[in-house]
């Protein structure tokens, strides 16, 4: 939402050869309580209208664990929570 749909996360896939152990560590960056996720004005224009409403990160975080969010795959949850329809131009 922050990048207004202009940046996409890469697909992550690990390929192992042989019969070796694999170790993983998960690392997450979570904003402070009350942090509002907002698209910078520099990423919004007539050709790139605002796609998502401004939102409190913790509200979105709790949404992702809700029964409603379980209806969507993880790639669809941000749209279900914050998509503007229609998008807004500056």
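The values are calculated or read from the model by the stated rules, or taken from the named source; none is laboratory data. Model, not experiment: these values are computed from the prediction. When we count neighbours, we look across all protein chains shown, and the Cβ atoms used for this are built from the backbone with ideal geometry, even at glycine.
Return the only residue of 10, 18 being on the phi > 0 side of the Ramachandran plot and at pLDDT below 95.
That would be 18, the only listed residue that is on the phi > 0 side of the Ramachandran plot and at pLDDT below 95.
Which of the residues spanning the range 38-67 are closer than 16 Å to residue 6 by Cα, in contact (Cβ under 8 Å) with a residue 40 or more places away in the chain and within 13 Å of the chain's Cα centre (by Cα)?
51, 52
Mind telling me which of the residues 1, 27 ends up being assigned to a loop (DSSP other than H, G, I, E, B) and in contact with a helix residue (DSSP H, G or I) (Cβ under 8 Å, 6 or more places away or on another chain)?
1
Out of 6, 13, which single residue is out of contact with any strand residue (DSSP E or B) (no Cβ under 6 Å at 6 or more places or on another chain) and in contact (Cβ under 8 Å) with a residue 24 or more places away in the chain?
6
Please determine whether any residue of the range 19-33 is closer than 19 Å to residue 81 by Cβ, loosely packed, with under 10 Cβ neighbours inside 10 Å and touching a residue at least 12 places away in the same chain (Cβ under 8 Å).
Yes.
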